[in-house]
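Only the coordinates and a few stated rules stand behind these numbers; no lab work does. If you're wondering where the values come from, they're calculated on a predicted model, not measured in any experiment. All Cβ positions, even for glycine, are placed from backbone atoms using ideal geometry, and neighbour counts span all protein chains on display.
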Amino acid sequence: MLQRFSLGLARCEEITAAALAAAVTCLILINIAFRALGNPIYWVSELAIYAMIWMTFLIAGAVLKRRQGIAVTLLSDLLPPVGRKLIVLWVDVMVLLFAVLLVWLCWRWFQPLALAQAGFDTRAFQGQTFNFIYAENTSTIGIKKFWVWLIVPWFALSLSLHSLANLGQSLLSLKARV
């Protein structure tokens, strides 16, 4: 069940990342055309940057789910199958630890409970916590930056799910072989 959900989520992340890649291409082409005409639209560049950032985080989660990241396999290639499985298991544990740490850091960064305790009043929240995450606007688009930064907790939660599913798969694979 967890494996199926993780695969479905990875597929959705891949589709969304592909759509964002197309959007980045279109935004850059629009920007080039308007600059060539002498009338640049500055917010287009910023939107392309944010779309590229979101695309990168989304596809990174899917790549780690499918274990398709770049790897140096000199050591694992020399090991017997059980040794390779142990290395994969160790990598899965390290990715899960990183993901859980990132979830915790995002929780500390966004402080959702403190925001709720302040009645979702960002000024009261800032006065109580000295955390100004919800105050800063983007340069040209004019939206609050925390909307853009929400990709980081999404990535942290997604990576936690994917790494947990991969860890379960590795444990089953190791158990079946040993």
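Output ³J(HN,Hα) for region 102-112: one whole-Hz value per residue in order, computed from phi by the Karplus curve 6.51 cos²θ - 1.76 cosθ + 1.60 with θ = phi - 60°, and x for Gly and Pro.
Each residue's phi maps through the Karplus curve to give 5, 4, 4, 5, 5, 4, 5, 6, 7, 6, x Hz.
Given Cβ point charges of +1 (Lys, Arg) and -1 (Asp, Glu) and nothing else, what value in debye, to the nearest 20, does the dipole of region 2-177 about its Cα centre take?
About 500 debye.
Got a sec? How would PHE146, PHE110, PHE130 order by Cβ neighbour count within 10 Å, fewest to most?
Lowest count first: PHE130, PHE146, PHE110.
If one computes P(r) from the Cα atoms of the chain, what percent of pairs lie at distances over 23 Å?
More than 23 Å apart: 57 percent of the Cα pairs in the chain.
If each residue's Cβ is checked for other Cβ atoms within 10 Å, how do MET1, MET55, MET94 rank with the fewest at the top?
Going from sparsest to densest Cβ surroundings: MET1, MET94, MET55.
Kindly state, to the nearest 0.05, the FRET efficiency for LEU113 paired with SER139, given R0 = 45 Å and r defined as their beta-carbon distance.
Step by step, r from the Cβ atoms, then E = 0.90.
Which whole-Hz ³J(HN,Hα) couplings does region 90-99 yield from phi under the Karplus relation 6.51 cos²θ - 1.76 cosθ + 1.60, θ = phi - 60°, glycine and proline marked x?
After applying 6.51 cos²θ - 1.76 cosθ + 1.60, I find 4, 4, 4, 5, 5, 5, 5, 4, 4, 5 Hz.
Between helix 42-65 and the chain, what is the angle of the helix's C-alpha long axis to the longest principal axis, kept within 0 to 90° and rounded to the nearest 10?
10
Kindly provide the trypsin sites (Lys or Arg not before Pro) of region 6-67 that DSSP labels as loop, not H, G, I, E or B, and whose Cβ sees at most 16 other Cβ atoms within 10 Å.
When the trypsin sites (Lys or Arg not before Pro) of region 6-67 are filtered for loop state and at most 16 Cβ neighbours within 10 Å, ARG66, ARG67 remain.
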